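Below: the structure, in structure tokens.
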Amino acid sequence: MLLLQDISFNRDNKQILSHINLRIDTGKFVAITGPNGSGKSTLAKIIMGMEKPDSGAILFDGQDITSMDITQRAKLGIGFAFQQPVKFKGLTVQDLIELATGNKIKFSEACDYLSDVGLCAKEYIHREINDSLSGGELKRIEIAMLEAKKSKFTIFDEPEAGIDIWSFNNLIQVFEKMHDEIKGSIVVISHQEKLLSIADEIVLLNSGKVVNHGKREEILPLLLTTNRSCSRFRELEGGATKCH
């Protein structure tokens with residue numbers, strides 16, 4: 001279970017997050033959504049330890065991890081998929097998956113993970129993680145790595161960015177499989193209705209604040225109505241969001 005207590009964060013004299021209080025229970029699939037600039041990616045980075053909050057505390061399974069760095073949090077079982085995947089020059093796809101699992105793996109195991117994200121193991125297993133791979137390929141490999149890692153808590157920052165429709169539909173199936181098999185918590189930062197529709201809970205951010213949080217069946221209809229009715233969006237967000 002992850003607990004954010006009164007988290008605030010400023011950058012360049014601008015408040016990005018303001019007094020965030022949020023609880024993500026073990027085994028839950030939670031989607032965090034909201035307008036551009038609402039603080040979603042910053043919140044994800046704070047959970048992972050890439051940014052440090054100016055105030056507040058972060059507890060993971062009852063342990064205060066506020067001062068821990070990325071490596072320490074990863075050892076506790078927190079994983080992160082970047083919006084723009086990181087390249088690992090000199091490492092192959094197989095190396096990356098084995099680092100994630102902490103063990104040597106059979107070709108058949110690697111094939112399972114890569115097949116889940118729509119990649120052929122024979123073509124990719126010995127490929128180096130470098131500029132020869134497209135952004136979409138890198139993203140799929142990163143997701144396969146995180147599936148193999150089986151983290152207790154995994155964060156995906158806009159996983160749909162840069163991938164085609166077929167890969168996106170494949171991605172939905174990967175998340176559903178992870179949710180069913182790993183039993184860990186999954187947090188997805190996304191605007192995509194298909195991703196929101198498979199979440200257990202949805203968190204709506206606006207102007208750095210949590211303005212709504214609840215079960216999918218409660219929040220998603222409001223968001224869908226929001227897309228059709230600008231006046232309703234202003235009501236939900238307390239009048240803070242402009243319509244375009």
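Points to keep in mind about this one:
- Computed Kirkwood radius, in angstrom, where 1/r is averaged over Cα pairs of segment 2-236: 18.4
- Mean sequence separation of contacting Cα pairs (under 8 Å, at least six apart), scaled by the length of the chain, corresponds to a relative contact order of 25 percent.
- Calculated P(r) tail over 18 Å for segment 108-168, as whole % of Cα pairs: 33
- The alpha carbon radius of gyration of segment 48-117, expressed as a multiple of 2.2 N^0.38 Å, is 1.40.
- Taking the longest Cα principal axis of the chain as reference, the axis of helix 135-149 is set at about 80 degrees.
- Once backbone amide H atoms are built at 1.01 Å from N, His213 has Leu204 as its partners under 5 Å, excluding neighbours fewer than 5 places away on the same chain.
- Phi-derived couplings, Karplus 6.51 cos²θ - 1.76 cosθ + 1.60 at θ = phi - 60°, listed residue by residue for segment 97-114: 5, 5, 5, 5, 7, x, 9, 5, 10, 6, 4, 4, 5, 4, 4, 4, 5, 6 Hz, with x used for Gly and Pro.
- Net charge over other residues, Cβ less than 15 angstrom from the Cβ of Leu59 (K, R count +1; D, E count -1): -1
- Sorting Glu147, Glu158, Glu193 from the fewest to the most surrounding beta carbons within 10 angstrom yields Glu193, Glu158, Glu147.
- Dipole moment magnitude, nearest 20 debye, the chain about Cα centre, only Lys, Arg, Asp, Glu C-beta charged: 320
- Extent along the principal axes, Cα only, for segment 1-135: 49, 31, 25 Å, with the longest axis given first.
We did not get these values from a lab; they are worked out from the coordinates using the rules stated. The model shown is predicted, which means the values in this text are computed figures rather than measured ones. Backbone-built Cβ (ideal geometry, glycine too); neighbour counts: all protein chains shown.
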